[in-house]
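In what follows, a single structure is set out as structure tokens and then discussed.
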Amino acid sequence: MASKKPIQSLRITNIIRVCNQHHHSMQRFVEAVVTEGKPIRLDDPFILHLSQRICNVTERIETICQSNNAFPADLPDRSYRAYLWLRFLSQPEWLWQHLSTLADLIQIFRQEKKKHKQKKTALQIYIENARYLFRSTLVNKTCQLHISEGFIAADSEINISLIQTLFIKNKDDLFKIRQFNHSEAYKHIMQTLCRYTEQSSLSTKGHLYDLKRIFQRVNRQYFRNSMQPPRLIWSSRVALRRLGYYHPDTDTVTISRALDCQSVPLYVLEYVMYHELLHKKLGLKMVNSRRMAHTRQFKRLEKKFIQYQLAEKFIENIHADGKTTHLLM
Ligand SMILES: [Zn+2]
């Protein structure tokens with residue numbers, strides 16, 4: 001099932017670099033403020049200047065997209081997420097909350113460092129529009145902590161748990177962090193951040209199929225056009241294991257590029273799209289204190305797809321090589 005890469009012609013090369021520069025300058029500023037014991041003030045000249053720079057970059061990205069008859073959501077995934085992050089921080093209240101969280105984390109880190117007697121460890125924090133909750137890596141004796149922007153809604157208790165994971169990982173901290181990940185406060189930040197999903201066919205068009213048109217057909221037929229369009233992307237790899245995936249934080253449906261080929265009938269793509277849109281519609285349900293995606297209600301609705309049997313059979317055959325067992329996520 002070889003298929004060619006979809007055409008992705010819209011690229012802006014230095015968005016990630018610009019974001020990293022902002023991360024570094026924000027941290028330098030916040031380190032100094034924390035050392036002086038001052039609060040973060042929105043009218044601080046550094047913040048006013050930073051805010052202006054962020055607005056300028058955001059506008060520049062939008063202008064480039066417009067001149068290509070495209071939208072920021074047509075950019076490759078990383079660039080698009082970076083754009084959303086910049087756009088989010090171009091609003092002063094969010095920028096303030098972002099910097100205040102950074103200050104809290106830095107303060108906690110300094111205290112924990114003393115407790116654990118690790119004088120030499122340095123920390124660089126990236127609170128960003130990440131696809132994951134958090135992760136840390138050690139680069140040239142500096143610990144790089146990447147945290148999802150959703151954590152700017154967290155209180156100090158969660159921040160302590162996050163910083164503690166850098167020293168000793170324990171189940172309680174990880175449990176608290178996961179609980180927070182499912183909170184309304186976290187969701188609110190991610191929903192505010194991940195708007196502007198409008199796309200042109202520049203990024204939804206594959207080699208053969210256009211995800212935007214498939215979405216429109218499924219939305220019309222099964223949801224009476226009530227579904228707000230999510231962002232639609234082809235997977236970066238030709239994945240057979242995962243044919244489709246819905247990411248609720250970023251409101252993104254990813255469809256495997258393996259399906260973008262002549263041997264796959266349209267109804268299979270529509271079925272995978274329908275499955276992922278059901279995830280968007282139904283969300284996760286608590287069943288016996290576990291979060292379930294494929295509930296009974298989900299499975300009942302899934303069977304309403306007209307060619308359900310045919311599509312399931314086709315997918316089973318894709319996996320008949322024995323390497324993979326299932327299917328849609
Ligand atoms: Zn699923």
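The values are calculated or read from the model by the stated rules, or taken from the named source; none is laboratory data. Here the structure is a predicted model, which is why all the values come from computation and not from measurement. Methodologically, a virtual Cβ is constructed for each residue, glycine included, from the backbone with ideal geometry; neighbour enumeration extends over all protein chains shown.
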**Report entry** Neighbours by Cβ (under 8 Å, 6+ apart or cross-chain): first from segment 166-187, over 16 Å from residue 112 (Cβ atoms); second among the small types (Gly, Ala, Ser) and in a loop (DSSP other than H, G, I, E, B)
**Finding:** 180/154; 185/154; 186/154
Requested in this report: Name every residue in segment 54-92 that is free of Cβ contacts under 8 Å to residues at least 24 places away in the same chain and either over 23 Å from the mean Cα position of the chain (by Cα) or assigned to a loop (DSSP other than H, G, I, E, B) (or both), in order of residue number.
Outcome: 56, 63, 66, 67, 91
Requested in this report: Within segment 120-132, track down each residue that is modelled with pLDDT under 95, of a type in the set (A, V, I, L, M, F, W, C) and under 19 Å from residue 16 (Cα atoms).
Outcome: 130
Requested in this report: Run down 187, 117 and say which single residue is over 30 Å from residue 306 (Cα atoms), surrounded by 13 or more Cβ atoms within 10 Å (Cβ to Cβ) and modelled with pLDDT under 95.
Outcome: 187
Requested in this report: May I ask you to verify whether residue 320 is part of a helix (DSSP H, G or I), modelled with pLDDT under 90 and away from the ligand (no atom under 13 Å from the Cβ)?
Outcome: yes
Report summary line: Note on segment 54-105: residues among the charged types (D, E, K, R) and touching a helix residue (DSSP H, G or I) at 6+ places or on another chain (Cβ under 8 Å) are 62, 74, 78, 87, 104
Query raised in the report: Which residues, taken from segment 156-173, are aliphatic (A, V, I, L, M) and surrounded by 15 or more Cβ atoms within 10 Å (Cβ to Cβ)?
Result: 158, 160, 162, 163, 166
**Report entry** Considering residues of segment 139-155 that are touching a Ser or Thr at 6+ places or on another chain (Cβ under 9 Å) and surrounded by fewer than 18 Cβ atoms within 10 Å (Cβ to Cβ) only, the residue farthest from residue 20 (Cα to Cα)
**Finding:** 141
